[in-house]
Amino acid sequence: MAEQGKILTAEQESKLRQPIDSYVGGIQNKINALRKDGTDRVIEIQSTLDNLKRDRIYSAQEKESRRAKLMAELEAAKAVEAKNKAEVDKLIADAVAYLKAHFDADYFQAVKASCAAERAQAQAKYQAAVSQLEQNHQKTLASLTNPNEIKDEKYVHKNRLFDAKMQLANDLQAIKDRQHAAFQHQYHLIDMLRMSKFTFAESAAQRWETYQYSFNQRDFLLRNGLYLAIAVIFIAMCFITPVVKGFPLLTVNNVLNILQQASPRMFLALGVAGLIMLAGTDLSIGRMVGMGMTAATIVMHKGINTGSVFGHIFDFTGMPVFARVLLALIVCIVLCTIFTAIAGFFTAKFKMHPFISTMSTMLIIFGLATYSTKGVSFGGIESEISGMIIPKINGFPTIILWALAAVIIVWFIWNKTTFGKNLYAVGGNPEAASVSGISVFWVTMGAFILAGILYGFGSWLECIRMSGSGSASYGQGWEMDAIAACVVGGISFTGGIGKISGVVTGVFIFTALTYSLTTLGIDTNLQFVFSGVIIIVAVMLDSLKYVQKK
C-alpha cells in the first residue's frame, strides 16, 4: 500500500531525529560548559540574593556581610559571562542555522507526511469498522422476531457505532499529538540554546501552531458565532445600502461618526462592566446620563439659565469658560459617584442584589431631577467649549481619544492593580475571596465608585458632544445599550469572566449596528428587535459556555 509506506514507526522517527539531536546536543554541551561559571552562576547568585532579602534568620549585619560576598561573586561571574558571550552567541547561531537547514527538510516533513498517511489509514479503518458493524447488525436483525430483542439490538448497534467513532477520535488525537510534539521539538532545542528567548517570528510560529493544535470548532463557534453573524449582517448592509440609498455605508466619514457616537457610551459600558464582573448590573445608567447632562448644561450654559433647580436660577457667566468646564466635570462625577456609592453600599453591606439597589437609585435620580427642573431642557452650552475639549483636527474627532484614554486606564486597573485582581476573584467566587483575605465589601464599593466616575465622565462628554440641551429624560434606555455591549463583548453575568477588549468590541458592534440601521431608514422600534435578538443570543451563548464548564 502506497500510504502504508509513508507511515513512520516510533523507532524510524527517532532515527530521523537522531542526527539533529546529536549535532545540536554537542553544541549545547559546549554552551553549557561556557555558561557554567558565567551565566548559570549569575542566575544562581541573583536567586540567592533575592532569597536573602526575604530571609529572617540572619541579622542585618550578617545579611550585609553575605550580600557583599555574593555581590563580589556576582561581578566575577558576570565577567566570565561577558568573556564567553561572543563564543556562546557564535555556537547558538551555528546550531540555529543547522536547525533551519535540516529540521524541516530531514525530519518534520517526513513526520508530517506520516501523520497524513496515518489519518487516512484511521479513516479507512473507521469506515471498514462501520461497514462491518452494519453487516453484522443487519444479519442479526434478520434472525430476530421478538420486538424487544430487535429494540435491544438497535440500542447495542448504536453504542457500537459510538464506540467506533470515539476510537477514531482517539486515533486522530494521537496523530495530532505526535505531529505537534514533532513541531515543538525544534523550539525545545532553541529554548535550551537561547534560555527561553525567541525571535518575534519564532514566537508567532509557535502561537499559530498552538492555536491550530488546540482549535475546537464547537468552542470557536460558542466564542465567536455571534460576532460572525453580526459581521455577515453588517457586510450585507454594506452591499444593500448603495442599492437602496444610493450611497456607500462603509466610508471613512461614517466610520468616524460611529466612533464619535461610541465614545461617550464607552465610558458607560466600562463602568457597568465592573459591576457585571461581580455578577451584578446597573439599571440607573440612563438616568445618571440625564442627571449629568442636566447638571453639566446648567454649569456650561450660554448666558444665565432660563430654567430653575428647586426654584433657584443659576448664573455661572462670571466664571472663565475653562473653569466652568472643569466645574461641570467635577459636578457630574460627584453626583454620579454619590448615587453609585449608595447603591454599592446597600449591595455590599446587606447583600442586596444590584438589580434592586440600582433600580431604587434610578427612580430616586429620575424623580429628583424631574421634580427639581420641572423636566425642562436647559438649552445649549457655550459654543467654544466643544472646540476646546473635543475639537476636530483635519476632520478627525478627538472625542475618540478620550474614549481611548478611558479604555487604557480601565484596562490597567483591571489587569495591573491589586483591585483588578480582587475584582476577578470576588466576581468568580466571593466566599473563596473572603476566606483568602480579600474584602468583598470594599471591592464591591470600589467597583460601584469607579462606575460612578466613568458615568460622570461619559455624561459630561456627551453634553459637550451634543452642545448641551440637557434634560432629565435624556439617556433613557442607555443602560440597556451599555449592559448589552458588555454581554455581547463576553463579560459574563456569572461573574469573574471578561476582558476590556470585549467591552470595546461590544460598544462598537451596537453603535455600528444602530448607525447602519438608521442609515438604511429602519424604524427605531424595529431596531429594538435587532438589539433584543442580539442580547438573548449573546446570553444564550454565555450560558452554554458556563454549562459546558460545569
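The values are calculated or read from the model by the stated rules, or taken from the named source; none is laboratory data. What you are looking at is a predicted structure, and each value in this text was computed from that prediction instead of being measured. As a convention, Cβ positions derive from the backbone with ideal geometry for all residues, glycine included, and neighbour counts pool all protein chains shown.
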If you scan region 349-369, which residues turn out to be surrounded by 22 or more Cβ atoms within 10 Å (Cβ to Cβ) and within 22 Å of residue 494 (Cβ to Cβ)? 354, 357, 358
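Matching residues to (1) on the phi > 0 side of the Ramachandran plot; (2) at pLDDT 95 or above; (3) hydrophobic (A, V, I, L, M, F, W, C):
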residue	(1), (2), (3)
309	no, no, yes
314	no, no, yes
333	no, yes, yes
337	no, yes, no
348	no, yes, yes
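Scanning region 194-221 for residues that are among the aliphatic types (A, V, I, L, M) and either farther than 25 Å from residue 30 by Cα or at pLDDT 95 or above (or both), which turns out surrounded by the most Cβ atoms within 10 Å (Cβ to Cβ)? Give the steps one after another, and end with the answer.
Initially, region 194-221 is screened for residues among the aliphatic types (A, V, I, L, M), giving 195, 201, 204-205, 221.
Now restrict to residues that are either farther than 25 Å from residue 30 by Cα or at pLDDT 95 or above (or both): 201, 204-205, 221.
On the way: 201: 8, 204: 11, 205: 15, 221: 13.
For region 194-221, the residue satisfying everything is 205.
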Some residue of region 509-522 being exposed (fewer than 15 other Cβ atoms within 10 Å of the Cβ), modelled with pLDDT under 85 and not hydroxyl-bearing (Ser, Thr, Tyr): no
Of the residues in region 133-153, those that are of a type outside the set (A, V, I, L, M, F, W, C) and either surrounded by 12 or more Cβ atoms within 10 Å (Cβ to Cβ) or not assigned by TED's automatic domain parsing to the domain that holds residue 174 (or both) come to 134, 136, 137, 140, 149, 152, 153
Residue, nearest to the chain's Cα centre (by Cα), within region 321-330, restricted to residues that are surrounded by 18 or more Cβ atoms within 10 Å (Cβ to Cβ) and of a type outside the set (Lys, Arg): 329
Looking at (1) crowded, with 17+ Cβ neighbours inside 10 Å; (2) β-branched (Val, Ile, Thr); (3) free of Cβ contacts under 8 Å to residues at least 60 places away in the same chain, find the lone condition where residue 497 falls short. (3)
Scan region 47-76 for residues that are hydrophobic (A, V, I, L, M, F, W, C) and in a helix (DSSP H, G or I) and jot them down. 49, 52, 60, 68, 70, 71, 72, 74, 76
Just checking, does region 483-493 include any residue being under 21 Å from residue 256 (Cβ atoms) and in contact with a Phe, Trp or Tyr (Cβ under 6 Å, 6 or more places away or on another chain)? yes
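Take the residues in region 497-514 that are in contact with an Asp or Glu (Cβ under 9 Å, 6 or more places away or on another chain) and among the β-branched types (Val, Ile, Thr), then tell me which one is farthest from residue 485 (Cα to Cα). Full working, then the answer.
Restricting attention to region 497-514, the residues satisfying the condition of being in contact with an Asp or Glu (Cβ under 9 Å, 6 or more places away or on another chain) are 497, 507, 510-511, 514.
Then drop every residue that is not among the β-branched types (Val, Ile, Thr), which leaves 497, 507, 511, 514.
Details: 497: 15, 507: 5, 511: 9, 514: 12 Å.
Restricting to residues being in contact with an Asp or Glu (Cβ under 9 Å, 6 or more places away or on another chain) and among the β-branched types (Val, Ile, Thr), the top hit is 497.
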Check whether at least one residue in region 417-434 is over 25 Å from the mean Cα position of the chain (by Cα), surrounded by fewer than 18 Cβ atoms within 10 Å (Cβ to Cβ) and part of a loop (DSSP other than H, G, I, E, B), and report yes or no. no
Pair list, Cβ under 8 Å, 6 or more apart: region 518-544 residue under 21 Å from residue 242 (Cβ atoms), other residue surrounded by 12 or more Cβ atoms within 10 Å (Cβ to Cβ) and among the charged types (D, E, K, R): 519/245; 520/245; 521/245
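Kindly establish whether residue 276 is β-branched (Val, Ile, Thr), closer than 30 Å to residue 430 by Cβ and either modelled with pLDDT under 95 or in a helix (DSSP H, G or I) (or both). Break it down stepwise before answering.
Working: β-branched (Val, Ile, Thr): yes; closer than 30 Å to residue 430 by Cβ: yes; either modelled with pLDDT under 95 or in a helix (DSSP H, G or I) (or both): yes.
Taking the combined requirement at face value, the residue satisfies it.
Here is a check on your reading of the model: is residue 457 touching a Pro at 6+ places or on another chain (Cβ under 9 Å), surrounded by 20 or more Cβ atoms within 10 Å (Cβ to Cβ), farther than 19 Å from residue 504 by Cβ and of a type outside the set (Ser, Thr, Tyr)?
no
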Residue 456 is checked against (1) over 19 Å from residue 358 (Cα atoms); (2) at pLDDT 95 or above and fails just one. What number does that condition carry? (1)
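Sort out for me the helices (runs of 4 or more DSSP H) sitting completely within region 299-392 that have 1 or more residues that are among the charged types (D, E, K, R).
On the way: elements: 321-350, 354-373, 383-389.
Filter on region 299-392 gives 321-350, 383-389.
Which of the residues that make up region 371-388 are of a type in the set (Val, Ile, Thr) and surrounded by 18 or more Cβ atoms within 10 Å (Cβ to Cβ)?
Pass one, region 371-388, residues of a type in the set (Val, Ile, Thr): 373, 376, 381, 385.
Scanning region 371-388 gives 373, 381, 385.
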